[in-house]
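Participant: One structure is given below, represented as structure tokens, and several questions about it will come after.
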Amino acid sequence: MRDLPPPSTVHDPATVARRDARWLLVLLVAVGLALRLPLMDRAVWFDEACMSDQRIGTWAQLLATLYVDIHPPLYVTFMHCWNGVFGDHAWSMRTPPLLCGLAAIPLLFWAGHRLVGRGAALWATALLALSPVHVWYSVEARLYAPMVLCALLAVGCVDRLTDPAAPRQPRLWWLHAANTAVMLALHYYLAVFVALFAVLVPLLRGLTPATRRLMVVHAIGLLVLGAFVLGKRALGEFETSQDYLRAMTLDELFAFVFEWCWTGHTLPAVGTNVDALAHLGAQALGIVLCSAGLLGVWRARRERPLGLLVPACLLAIPGFLLVAAWADLGRTYTERSALASLPFVFLLAGRGLTALPTTLARWLGVAVLVMATAVLVALFRHHTDRWTVYKPNADWRAAAAWLGHEIDQGGAGRPVFTPTPNPRSLSYYDERIQDVKNLTPPAEPAAIGAKVRRRLGDALGGWAERVFADFAAHNRRLLDGAKLRVYRTAADPAELRLAERGPDDVCYLVRDLWHPNESVDGTHEALLRHPRVEVLETHEFVGIVVRKVRIRP
């Protein structure tokens, strides 16, 4: 007869709890995948098109992009290599964020259960799997889902590596060092986490050999990042503010933590009084749970000293942006740039649920699940026609297909006008359509070469000049081969670029209904009202209107 494990092992509560937690994590990952897959086929929008071969397909294009990009070089470089292997279609470009988003679900439990307890971490994991914000950015071909993953991995590693009761873990040190390097090369705001851990963990754990080693590793990483920033300022462009960003304020901080992180602004998008009331209820629920969680973390600080990292990580990037606004550094904030705070909001809320009396916690847990269901329904119902987590993905795919059909029907050579700052997605879907502004180099190759030559010598200066000359030549070839060229609109036909005017005086007007809206740039609407403009055809797609018009002499 086969030997059975001792009864104490079979029915040990800790063993049963670990097994149940594993199965629940598997279920949550499966649910997370089911929620994210339907959004994978959305039309590619401008930010995602910037990750495609249309912008970074060649080595010269990649270097030119890194020259002006507002982010560190890692993700753009990774996507250049990824596209070279897997192609740059929507599903391929969105697969890395999807994998990072799904991996973050169990990683949140791994990183959080030692800080706030197993029950609280499971609640947080469920909220992350169901979060409309995390669903949205897990299927966007950008660096935001990887930011969340890296932040969680860093917290989990820091906790284990500095635990005086834990054995030495050399491999985990190497993993943490590599992850720290990735964080610093992924997004500048993640440097706030690296600095926070170097300062706060020694205060919570004491100055031990492990915390000293942590301080050294993080200091080296921050020094390397500082050198990179200084080098980029000297050789290229380093922007600290953008027009589409906002300044962080206390009101913005409140809205970020208790509205956007919880509902992704999906409930107000529905527009009914019931949903407005539900939105206020969700906001109140977030305030109650996060307040209870903060109190619970504070009370457990002796048993779990690094539990204080949860509220610290929640406020790290928003607090930094608040200080940046007070220091008058310009517009530095949009919700997605602080996305790495999201899992820590849920860890704090999970701690709040487990800290409350059992009956109250049970009812509030039901309320949380009802809220999560409501916001997901609102997201999937309105993400194509209302501003929810972010503006809807306009259907550039359909608009490009219609313009492509016009080219095939003899419309080649007609100009296209749009108030959209970057209609790059048109070129992504049809290379015969090219935007003149997007193909304008950031500077003359000779000027860039001269700047590098002054700093790094003739050899590197000549190389930089050749790279940007290749980039400019590539752009000229794209523009020369274009059948339709895209220009900016103007309110008066006399101000339009009509050098390509065809014999029939016909051109195309493209209006993205979301970016920018009429209150920001109303030149499109003003042009339509001009007496010289005659609308011949109007075609409406999701988020986009394309008009064929005649502009009379």
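The values are calculated or read from the model by the stated rules, or taken from the named source; none is laboratory data. Here the structure is a predicted model, which means the values were calculated and not measured. Glycine gets a Cβ as well: all are built from the backbone with ideal geometry, and neighbour counts include every protein chain shown.
Participant: Within segment 381-388, is even one residue buried (at least 20 other Cβ atoms within 10 Å of the Cβ) and part of a loop (DSSP other than H, G, I, E, B)?
Facilitator: yes
Participant: Got at least one residue in segment 408-420 being of a type in the set (Ser, Thr, Tyr) and in the same structural domain as residue 485 (by TED's automatic domain parsing)? Reasoning before the result, please.
Facilitator: Filtering segment 408-420 for residues of a type in the set (Ser, Thr, Tyr) gives 418, 420.
With the extra rule that they be in the same structural domain as residue 485 (by TED's automatic domain parsing), the set shrinks to 418, 420.
Among the residues of segment 408-420, at least one is of a type in the set (Ser, Thr, Tyr) and in the same structural domain as residue 485 (by TED's automatic domain parsing), which makes the answer yes.
Participant: If you don't mind, another one. For segment 70-101, which residues satisfy the criterion of being small (Gly, Ala, Ser) and not in a helix (DSSP H, G or I)?
Facilitator: The one that is small (Gly, Ala, Ser) and not in a helix (DSSP H, G or I): 87.
Participant: When the residues of segment 313-333 are filtered to those that are small (Gly, Ala, Ser) and surrounded by fewer than 21 Cβ atoms within 10 Å (Cβ to Cβ), which remaining residue is farthest from residue 159 (Cα to Cα)?
Facilitator: The first filter runs over segment 313-333 and keeps only residues small (Gly, Ala, Ser), leaving 316, 319, 324-325, 327, 330.
Among the residues that remain, those that are also surrounded by fewer than 21 Cβ atoms within 10 Å (Cβ to Cβ) are: 319, 324-325, 327, 330.
Numbers: 319: 22, 324: 29, 325: 31, 327: 32, 330: 35 Å.
Once the filter is applied, the top-ranked residue is 330.
Participant: I've got another one for you. Looking at residue 301, is it touching a Ser or Thr at 6+ places or on another chain (Cβ under 6 Å) and charged (D, E, K, R)?
Facilitator: When the stated conditions are applied, residue 301 does not pass them.
Participant: Does any residue of segment 274-297 turn out to be within 24 Å of the chain's Cα centre (by Cα), β-branched (Val, Ile, Thr) and either assigned to a helix (DSSP H, G or I) or under 27 Å from residue 381 (Cα atoms) (or both)?
Facilitator: no
Participant: May I pose another question? When you check residue 436 against the structure, is it touching a helix residue (DSSP H, G or I) at 6+ places or on another chain (Cβ under 8 Å), crowded, with 23+ Cβ neighbours inside 10 Å and at negative phi, yes or no?
Facilitator: So residue 436 does not fit the description; no.
Participant: Filter segment 225-239 for residues that are assigned to a helix (DSSP H, G or I) and loosely packed, with under 13 Cβ neighbours inside 10 Å; which is modelled with the lowest pLDDT? So that I can check it myself, show each step before the final result.
Facilitator: Going residue by residue through segment 225-239, those that are assigned to a helix (DSSP H, G or I) are 225-235.
The next check asks that each one be loosely packed, with under 13 Cβ neighbours inside 10 Å; those that pass are 226-227, 230, 233.
Numbers: 226: 94, 227: 93, 230: 89, 233: 84.
Within segment 225-239, the match that is modelled with the lowest pLDDT is 233.
Participant: Which of the residues that make up segment 403-433 are in contact with a strand residue (DSSP E or B) (Cβ under 6 Å, 6 or more places away or on another chain) and either surrounded by fewer than 20 Cβ atoms within 10 Å (Cβ to Cβ) or not in a helix (DSSP H, G or I) (or both)?
Facilitator: 414, 415, 416, 417, 418, 420, 423, 433
Participant: Here's a follow-up. Based on what the data block shows, is residue 56 outside the structural domain of residue 422 (by TED's automatic domain parsing), under 30 Å from residue 477 (Cα atoms), out of contact with any Lys or Arg (no Cβ under 9 Å at 6 or more places or on another chain) and modelled with pLDDT under 90?
Facilitator: Considered against the rule, which asks whether it is outside the structural domain of residue 422 (by TED's automatic domain parsing), under 30 Å from residue 477 (Cα atoms), out of contact with any Lys or Arg (no Cβ under 9 Å at 6 or more places or on another chain) and modelled with pLDDT under 90, residue 56 comes out as no.
Participant: Further question on the same structure: Check segment 345-357 and report whether any residue there is modelled with pLDDT under 95 and over 14 Å from residue 123 (Cα atoms).
Facilitator: yes
Participant: Just give me the residues in segment 452-489 being more than 30 Å from residue 414 (Cα to Cα), surrounded by fewer than 17 Cβ atoms within 10 Å (Cβ to Cβ) and charged (D, E, K, R), in sequence order.
Facilitator: Listed by number, the residues that qualify are 454, 455, 458, 466.
Participant: Counting only residues that are in contact (Cβ under 8 Å) with a residue 40 or more places away in the chain, in contact with a helix residue (DSSP H, G or I) (Cβ under 7 Å, 6 or more places away or on another chain) and not aliphatic (A, V, I, L, M), which one in segment 261-282 is surrounded by the most Cβ atoms within 10 Å (Cβ to Cβ)?
Facilitator: 262
Participant: Hey, another quick one. Kindly indicate the residue of segment 497-553 that is among the β-branched types (Val, Ile, Thr) and over 25 Å from residue 383 (Cα atoms) and also surrounded by the most Cβ atoms within 10 Å (Cβ to Cβ) among those meeting that condition.
Facilitator: Per the criteria, the residue is 549.
Participant: Kindly indicate which of 460, 478 is in a helix (DSSP H, G or I), touching a Leu at 6+ places or on another chain (Cβ under 8 Å) and not aromatic (Phe, Trp, Tyr). Give the steps one after another, and end with the answer.
Facilitator: Details: 460 fails: touching a Leu at 6+ places or on another chain (Cβ under 8 Å).
The conditions single out 478.
Participant: Which residues, taken from segment 75-107, are surrounded by fewer than 18 Cβ atoms within 10 Å (Cβ to Cβ) and in contact with a Phe, Trp or Tyr (Cβ under 7 Å, 6 or more places away or on another chain)?
Facilitator: If the condition is that a residue be surrounded by fewer than 18 Cβ atoms within 10 Å (Cβ to Cβ) and in contact with a Phe, Trp or Tyr (Cβ under 7 Å, 6 or more places away or on another chain), then 92 is the only one that fits.
Participant: What residue, among those in segment 46-68 that are out of contact with any helix residue (DSSP H, G or I) (no Cβ under 6 Å at 6 or more places or on another chain) and outside any helix (DSSP H, G or I), is nearest to residue 449 (Cα to Cα)?
Facilitator: Checking each candidate, the answer is 58.
Participant: Further question: If you go through segment 240-273, how many residues are part of a helix (DSSP H, G or I), in contact with a Lys or Arg (Cβ under 8 Å, 6 or more places away or on another chain) and among the charged types (D, E, K, R)?
Facilitator: Number satisfying all stated conditions: 1.
Participant: With the structure loaded, tell me whether residue 258 is free of Cβ contacts under 8 Å to residues at least 40 places away in the same chain, assigned by TED's automatic domain parsing to the domain that holds residue 312 and surrounded by 16 or more Cβ atoms within 10 Å (Cβ to Cβ) or whether it fails that test.
Facilitator: yes
Participant: Here is a check on your reading of the model: is residue 388 touching a Ser or Thr at 6+ places or on another chain (Cβ under 7 Å), modelled with pLDDT of 90 or more and more than 17 Å from residue 510 (Cβ to Cβ)?
Facilitator: Values: touching a Ser or Thr at 6+ places or on another chain (Cβ under 7 Å): yes; modelled with pLDDT of 90 or more: yes; more than 17 Å from residue 510 (Cβ to Cβ): yes.
Here the answer is yes, as residue 388 does meet what is asked.
Participant: Can you find a residue that is of a type in the set (Gly, Ala, Ser) and either in contact with a strand residue (DSSP E or B) (Cβ under 8 Å, 6 or more places away or on another chain) or exposed (fewer than 12 other Cβ atoms within 10 Å of the Cβ) (or both) anywhere in segment 39-62?
Facilitator: No; the residues of segment 39-62 include none that is of a type in the set (Gly, Ala, Ser) and either in contact with a strand residue (DSSP E or B) (Cβ under 8 Å, 6 or more places away or on another chain) or exposed (fewer than 12 other Cβ atoms within 10 Å of the Cβ) (or both).
Participant: Do you know which residues across segment 508-523 are more than 18 Å from residue 396 (Cα to Cα) and either touching a strand residue (DSSP E or B) at 6+ places or on another chain (Cβ under 7 Å) or assigned to a loop (DSSP other than H, G, I, E, B) (or both)?
Facilitator: As a first pass, look at segment 508-523 and keep what is more than 18 Å from residue 396 (Cα to Cα): 518-523.
The answer is 518, 519, 520, 521, 522.
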